[in-house]
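Please read the structure below before turning to the comments.
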Amino acid sequence: MSTVIDTKKRRVENGKKSVAHSKIYQPFRAIGYITNEVPYIINNHGQDYFLTTCVGHSFQTYNLGRMNLLFVSTPTEKPITCMASHKRLIYAAAGNVVIGYKRGKEVSRVGGGEGDFSIVQIIILGAYIAALCDDNTLKLWDTTSGDLYTEIEFGEEFTATQMLHPSTYLNKILVSSTQGTMQIWNIRTNKMVYQFGFMGSPITCLAQSPVVDVIAVGLLDGTVVLHNIKADEKIDSVRQDDRVTAITFRTDDEQVMATGNMQGDVALWDLSDRRLSHIMKNAHDGYVTSLTFLNNQPILVTAGNDNSVKQWIFEKHNAVPHPFKSRSGHHAPPSKLQYYGEDKKTILSAGRDHSLRSFSTVRDAQSFEFSQGRLAKKAKDRGVSMDALKLPQIIDLDVNDSKTKDWDNVITCHANDNACRTWSSKSKKMGAHVLISSDKTAVKSTCISTCGNFGFLGCASGAVDMFNMQSGQYRKTFVEDGHKKPITGLTTDTINRYLITSSVDKTIKIWEIKTAKVVHTIELESPVVSMRYHIDNDLLAVVCDDLGIRVIDIETKKIVREFWGHRNRITDFTFSPDSRWIVSASLDGTVRTWDLPTGAMIDIFKVEDIVTCLAFSPDSDFLATAHVDNVGIFLWSNRTQYANVSLRSIPDDYDAQLLQLPSLTGTEDSDEESESEEEVVEEEKADTVDQLSEKMITMSTEPRAKWQNLLHLDTIKLRNKPKEAPKLPEKAPFFLPTLPGAKNQFDLSTVTTFDKENPESKRINFAQLNTDTEFDKLLRAGFEADKKFETFVDYAKSLSPSAIDLEIRSFPIDGELTLLNYYLEAILFMLKSRKNFELAQAWLSTFLNIHGDLIVANPTNPIHQKLKDILTIQDSEFGRLSQQIHYSLCLIDFARRT
């Protein structure tokens with residue numbers, strides 16, 4: 001069936017076509033995002049609890065039991081500001097619109113239109129959505145019609161901050177304000193029912209307690225008031241440090257209230273004894289956005305703006321909770337990225353939040369943070385945050401997979417620190433060794449030898465120290481005839497014979513590791529900022545202060561390529577796995593790809609947020625980037641892996657395309673065509689066709705069971721045959737209706753007569769009955785329409801296998817075998833047009849099995865000539881197909897052998 005796809009619109013800017021990707025890279029998806037400052041929502045379906053967190057323009061839904069990601073919603077036009085749930089639907093407010101989602105797909109939308117306002121909170125009230133807006137109004141939409149039902153405008157003396165639907169209060173909403181007062185409104189009558197007095201401070205949070213009529217009111221000064229709104233009486237109050245951001249209550253046997261603040265602390269209050277039972281200091285590294293006790297379970301779920309969600313479990317009669325499960329990411333932008341692992345699908349990331357993390361690009365549940373010890377206990381004892389006890393920010397790292405199972409395989413150096421730390425990716429924690437530089441100067445660069453046995457420390461003094469990674473013992477120092485200024489890069493060759501170092505003293509030195517002596521010195525025109533080495537091809541690339549990238553052949557010790565074009569400091573660069581490209585990022589906002597064989601720039605694109613670090617996957621399928629003011633890692637797919645891309649040279653003055661960063665759901669390329677060479681400005685319409693070419697054999701789009709079950713229908717019926725014969729009902733069924741009464745009488749008033757000579761007669765004239773089914777009628781119509789059977793084929797495709805089998809068995813048989821001939825004409829039509837090829841074979845096989853004896857009994861009927869024509873066409877088509885298949889197999893075998 002042919003359908004018309006809507007016009008593909010293209011934006012034209014400066015006479016050029018705007019596309020969603022560069023020539024080589026296309027946005028794929030973002031990883032490392034868990035939650036932000038928008039409060040999460042928790043709903044349950046049966047025994048399972050589901051957590052939905054906001055991550056900017058999308059939301060993510062997790063199964064709380066396993067903490068695994070289920071799905072990510074389609075992105076909204078504006079950032080999501082609040083969320084709510086009702087049954088199996090998730091509602092998210094973005095700007096002045098509330099969008100309803102089912103399993104991450106948009107199903108409804110209300111709001112929008114005129115009005116420059118944003119929604120800050122929503123509540124679902126059956127078929128209505130109540131929205132508190134930043135223009136100090138409360139709007140109510142009807143979800144069935146999508147119309148605005150009512151609107152409440154608050155006065156200048158009442159600035160609304162939060163709202164709550166109290167339990168059992170029909171059509172009532174409690175609204176709080178920055179003035180410290182509250183109001184109850186009837187949304188049906190659009191009238192204020194009651195106004196409460198001053199609470200003592202601006203209200204920042206509202207929560208329903210397990211007791212009807214009792215509301216927990218959180219204030220700006222840290223006070224939490226338990227208030228009976230029916231009697232307008234204060235029941236109790238407690239006070240914590242700093243502003244109250246979230247409140248929740250336990251609903252099991254314990255009477256506990258939990259409150260969060262701006263410092264990331266969670267206070268636990270024993271309501272039966274009216275005392276503070278415990279403070280969870282530094283539960284989060286940012287302020288607490290949400291708190292929830294699971295219904296009738298001793299589990300507390302917390303979330304903060306530190307990009308983490310945590311579960312805490314309480315033991316019986318113990319007020320101190322223990323960490324249970326969690327999902328987290330960086331809460332400050334990553335500064336270093338590197339692929340590692342046996343599958344090469346894992347990224348090692350060092351962030352400005354002083355953490356070292358591992359992110360899986362395949363399965364989010366495998367991501368984790370490397371442990372730095374029992375920091376939570378130390379932070380609690382000292383009364384400081386966990387970030388204050390973490391190691392300084394990582395400025396350089398290296399990882400080696402050859403000795404992963406034997407000893408530590410990761411090494412890091414830190415800002416203004418004279419020591420390197422070792423880490424184990426196997427045990428997911430910091431190792432036992434601290435490698436301190438021999439001259440106690442700060443370590444600026446580090447690396448691990450190719451064999452994984454030694455770690456090298458490049459110091460600010462220009463010296464290089466070597467340590468054993470297994471024992472942590474010092475081995476030697478490379479200082480004789482060495483660098484005079486800080487080291488900026490370290491690497492070793494394939495067989496660990498040479499050590500290559502770079503420095504800001506404008507030199508690159510090659511050392512013999514065994515003797516610790518300089519073998520060769522390469523002098524450059526500018527200080528070296530960073531260095532990358534491709535071990536397979538012995539190519540060394542360096543970035544200098546003059547914004548140039550130089551490629552050096554280690555075998556000849558000569559500069560073989562120079563790349564110029566960046567207009568600001570280069571932040572990071574890397575080789576492609578095949579050493580054919582160098583990808584570099586700069587403070588000018590561009591990411592450029594340089595082709596080493598031709599020495600030309602072959603791709604460039606621009607992003608709004610500057611790229612701080614990048615890494616190329618070992619399989620060449622993805623480019624990973626990290627950006628300023630973004631805590632996630634963004635993956636860009638390499639289009640040369642699956643599309644024909646022209647890698648022609650790009651001039652230096654080329655206007656780079658501004659691309660959007662990848663979203664959490666991935667960016668599909670369905671709205672843009674793959675070609676980037678031709679400029680197509682006009683709007684085009686694309687038609688989906690049943691057949692790409694008349695020379696091609698085309699299968700139907702029907703399920704395989706449609707024709708496979710038809711061929712084995714007898715076996716299926718035998719398998720599904722009931723074990724016992726059906727029992728007759730007590731009263732024999734009859735097709736004529738009966739009249740009420742003691743005597744059985746039939747109601748013949750509704751019986752249709754077919755006797756045209758005597759219309760009053762109730763007698764059925766079977767000679768005038770039309771026994772042709774719709775199947776037979778369309779078959780006859782197709783033959784009469786110059787043997788065009790399209791309508792018949794479409795109708796037959798809509799039938800089930802049992803229905804087709806019944807239709808073929810029910811053909812009216814006359815002396816000329818008319819319908820049987822028409823049916824074979826339809827099969828010939830399908831074979832000649834080369835459409836629905838497998839259906840034609842199945843329908844022909846069923847026809848011959850049913851009517852084969854009848855065909856044999858009529859040797860002079862034209863039906864035999866039609867069968868010969870069908871056989872001729874099949875032999876021709878199968879011969880042509882077999883020839884193409886054998887040609888392709890020979891070509892593949894030739895390519896494989898060469």
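We did not get these values from a lab; they are worked out from the coordinates using the rules stated. None of these values were measured; they are calculated from a predicted model. Please note: Cβ atoms are built from the backbone with ideal geometry, for glycine as well, and neighbour counts cover all protein chains shown.
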**Request:** Over every pair of different alpha-carbon atoms in the stretch 499-578, take the mean of 1/r and invert it; report that Kirkwood radius in Å.
**Result:** 13.1
**Complete:** The Cα extents of the stretch 34-153 along the principal axes, largest first and rounded to whole Å, are 44, 26, 21
**Prompt:** Based on the Kirkwood radius over alpha-carbon pairs, what value in µm²/s does the Stokes-Einstein equation return for the translational diffusion coefficient of the chain at 25 °C and 0.890 mPa s?
**Reply:** 71
**Asked** Give me the Kirkwood hydrodynamic radius of the stretch 230-380 in Å, from all C-alpha pairs, to one decimal place?
**Response** 17.2
**Request:** Give the share of C-alpha pairs in each 5 angstrom bin for the stretch 773-898, from 0 to the last occupied bin, in whole percents, shortest bins first.
**Result:** 2, 10, 19, 21, 17, 11, 6, 5, 4, 3, 2, 1, 0
**Request:** Take the alpha-carbon centre of the stretch 792-841, take the same for the stretch 483-524, and report the distance between them in whole Å.
**Result:** 80
**Request:** Pop a pseudo-label 7 angstrom from the Cα along the beta-carbon direction at both residue 137 and residue 694 and give the gap in nm to one decimal.
**Result:** 6.3
**Fill in**
Cβ density ranking, 10 Å radius, fewest first, applied to 483, 520, 57 yields 520, 57, 483
**Request:** Averaged over every viewing direction, what's the projected area of the C-alpha convex hull for the stretch 401-523? Give it in nm², one decimal, please.
**Result:** 6.9
**Request:** Just need the relative contact order of the stretch 455-545 here, percent rounded to a whole number, with Cα pairs under 8 Å and 6+ apart.
**Result:** 20
**Prompt:** Order of 438, 637, 402 from fewest to most other C-beta atoms within 10 Å?
**Reply:** 402, 438, 637
